[in-house]
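Engineer: Questions regarding the structure given below will be posed in turn.
The values are calculated or read from the model by the stated rules, or taken from the named source; none is laboratory data. Worth saying up front: this structure is predicted, and the values here are computed from it rather than measured. Here the Cβ is made from the backbone with ideal geometry for all residues, glycine too, and neighbour counts use every protein chain on show. Ligands, DNA and RNA are excluded from the accessible area calculation, which covers all protein heavy atoms including side chains. Shrake-Rupley method; radii C 1.70, N 1.55, O 1.52, S 1.80 Å.
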Amino acid sequence: MKKYILSSLAVLAATLFISCNDALDTEPRVTEMTGATFPGKPADVEALLSATYSIMCTMGGGDNSGILNNPFYWWSLMSDDCYGSGGLQDNVAKSLHHFTTASSNQYEYDFTLLYGGISRANNIIETIDNVPWTADQQATRNQLLGEAFFMRGLYYMWLSQLYGDVPLITSTVITDDMQQQVSADEFIYPQIISDFVSAKNLMKPERANGSGHADKYCAEAFLARAYMFWAGFYQKAGELKNGAPDITLVEGQEGCPGGKLTKTDVVNGLRDIVANGGYKLRPDFRSLWQYSNSYLLAEALDGKNHAYKFIADMNKADCFDQPGNGNGNTEELFQIQFMNASSWNIGGTYCNPRMYSNYLSCFWGLRNGATNDNGKRDKTYPFNQGWGQGTPSRNIWVDWTAAEEAGGYTDLRKKASLIDLNDKDEVASYTFEKDDCEESGYAVKKYADVNLDANPSDNDSWWKQAPGYSSSSLDNPQQGDHFEDYYLMRYSDVLLMLTELTGEASYMNQVQKRAGVPQTAYSLKAVQDERRWEFALEGIRFNDMRRWSGIDSGEGSYAAKALQAQSGQVITYLGNKTKPMEHMTCSWSKRYAATNGFLPKPQSQINLMKGALTQNPGWDENTPANEYTYKVIY
């Protein structure tokens, strides 16, 4: 297990280069470094790069205005695999799930942060040669530049998938033209893919090995993800095995040859990862998640009270905290890392006290007793209590079970990903809160926080066993002790993308074999199912649904129909366990068709841009306001 409790990507650099103030002092003083003199040495570039990476930690940890700002959490909530859930007051989570908004700037946080990350990447790209690189340092220089291109491409991909057409800013000097909103299809995706091409050509052919940095293989994998979204969503290419269009690359960018990028180029990059990256699937899917740690296994083998039976058949070598597993494991290509550096004193509009912890664990924590017994885990052991927002839908459990029954098999991933709250072997004594709404009877297991049985009523954390741990930096383990990496790209995704692009089932079969399910021939339906099961609640499915649908595909699209299938599912709300799920304003299919899955751009930014930025369809004056405005239905 990697020692990420007290070390991560340059917190000092993050402190130096991330401003959390509302107003910036733009006039350099005599003692300050400027773009003409900084960076002056390789370590300066590394510090700037750490600040660029740290945007992910800001988004992936903590909360602001009642919502976790990890975009993959948002995409989970917007998919058919999650409900908004939580309590009556948790309107942001339910807003996302119902494609509505309770305020005009509700989704501004990530919009602003992503442009901040893009700005930092632009700064590195422009100033890297302020450093007097020697001939022996060229490989280091190219690696750092490649990482900057990678992060710019990554942040623009997330930005455009969240908000659609936005300004394309590729310089720290922002011209009037750059402030104009441009087509994501025609301008932003060619830039994203060109950035990933530059990254893979500049970076060393060596693995980053869980360091938190990007490498060549990360760039090849995200190049494929970006290309497949562009081809499926914007170009409506359909079944990619049968062909996909070329995309024109940016000319004159270092590391990018220009010309056309083909599907074959994308496939060759994925094959390079398989042949040369050294990645491999962990033998046991459960190894990827912290509930499989060896301390809980020892309790299970000793037969202690409340011992967690689900992992009792695991080999100790496959446990989360054993070499090759957990943080930095052999199938982790890229991730958000977290550390014990949160503080209640972190202030500012775009900073929050829990920004260095994987606060998703708290958001997905069980609400049982949360109102009157916050942090006490005897009722939910081995899982922690939390806010209970974004719980799994009944749809994913019902659909998964139907697939198992039709195929005559048991898929290990279902119970490895989801907690059945009615199963006494999972949670001994679960009761719903009086203000629960949109509860399905299931919870997320993948990122669930866990503790040990020594005293399960304590506000405790299993991470106390990790090397280097002293105490929670927040003096509250329930809120601060969340250090599990958030996976952004796993090797299984590389394998499934290869099968989808080529029709070669052997790659998908590796994923199926690990899960203990029958190995099947290629079909698009088989790939769609495998991706849904393998990446359940990891935020991947929503954009998969969108690219399998294509833009402007209406209420009959794959995504619209899958989302609408939530209607009528039985949920628990306010103690009533017979409530049929319903959309709060109209229907999921109508809201998806109206928005194409994009969020509204923040009105404050539209006002600031004075006409250069326009509101997305489905959120503008052409759509009845009562269809996109949050409505209390509980």
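Each row is one residue, and each column tells you yes or no for (1) buried (at least 22 other Cβ atoms within 10 Å of the Cβ); (2) within 28 Å of TRP619 (Cα to Cα); (3) not small (Gly, Ala, Ser).
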| position | (1), (2), (3) |
| --- | --- |
| VAL45 | yes, no, yes |
| MET59 | yes, yes, yes |
| ASN69 | yes, yes, yes |
| GLN138 | no, no, yes |
| ARG141 | no, no, yes |
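Engineer: Quick one: how many residues across region 175-233 are in a helix (DSSP H, G or I), β-branched (Val, Ile, Thr) and closer than 24 Å to GLY597 by Cα?
Structural biologist: Total meeting the criteria: 3.
Conditions tested, residue by residue: (1) of a type outside the set (D, E, K, R); (2) exposed (fewer than 13 other Cβ atoms within 10 Å of the Cβ).
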site: THR264; (1), (2): yes, yes
site: ARG282; (1), (2): no, no
site: SER292; (1), (2): yes, no
site: ASN315; (1), (2): yes, yes
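Engineer: A further question follows. Among ASP63, ASP80, which is under 20 Å from ILE336 (Cα atoms) and of a type in the set (Asp, Glu)?
Structural biologist: After applying the criteria, what remains is ASP63.
Engineer: Can you tell me which of GLY243, GLY277, GLY232 is open to solvent by 10 Å² or more (accessible area, probe 1.4 Å) and more than 19 Å from ARG152 (Cα to Cα)?
Structural biologist: The conditions single out GLY243.
Engineer: Condition first: part of a loop (DSSP other than H, G, I, E, B) and at pLDDT 95 or above. Can you find one or more residues in region 361-382 that meet it?
Structural biologist: no
Engineer: A follow-up question, please. Under 9 Å between Cβ atoms, which residue pairs at least 6 apart in sequence (or on different chains) link something in region 500-518 that is basic (Lys, Arg) with a partner that is at pLDDT 95 or above and open to solvent by 10 Å² or more (accessible area, probe 1.4 Å)?
Structural biologist: That search, which allows pairs on different chains as well, returns LYS513/LEU281; LYS513/GLN519; ARG514/LEU281; ARG514/ARG282; ARG514/PRO283; ARG514/ASP284; ARG514/LEU412.
Engineer: As an exercise: evaluate ASP529 against (1) open to solvent by 20 Å² or more (accessible area, probe 1.4 Å); (2) touching a helix residue (DSSP H, G or I) at 6+ places or on another chain (Cβ under 9 Å); (3) without any contact (Cβ under 8 Å) to a residue 60 or more places away in the chain; (4) of a type outside the set (S, T, N, Q) and give the number of the one condition it does not meet.
Structural biologist: (3)
Engineer: Right, here's the next one. Output yes when any residue across region 593-604 is part of a loop (DSSP other than H, G, I, E, B) and open to solvent by 60 Å² or more (accessible area, probe 1.4 Å), and no when none is.
Structural biologist: No, every residue in region 593-604 fails to be part of a loop (DSSP other than H, G, I, E, B) and open to solvent by 60 Å² or more (accessible area, probe 1.4 Å).
Engineer: Sticking with this structure for a sec: Do the conditions hold for ASN607, that is, is it of a type outside the set (Ser, Thr, Tyr) and either in a helix (DSSP H, G or I) or in contact with a His (Cβ under 8 Å, 6 or more places away or on another chain) (or both)?
Structural biologist: yes
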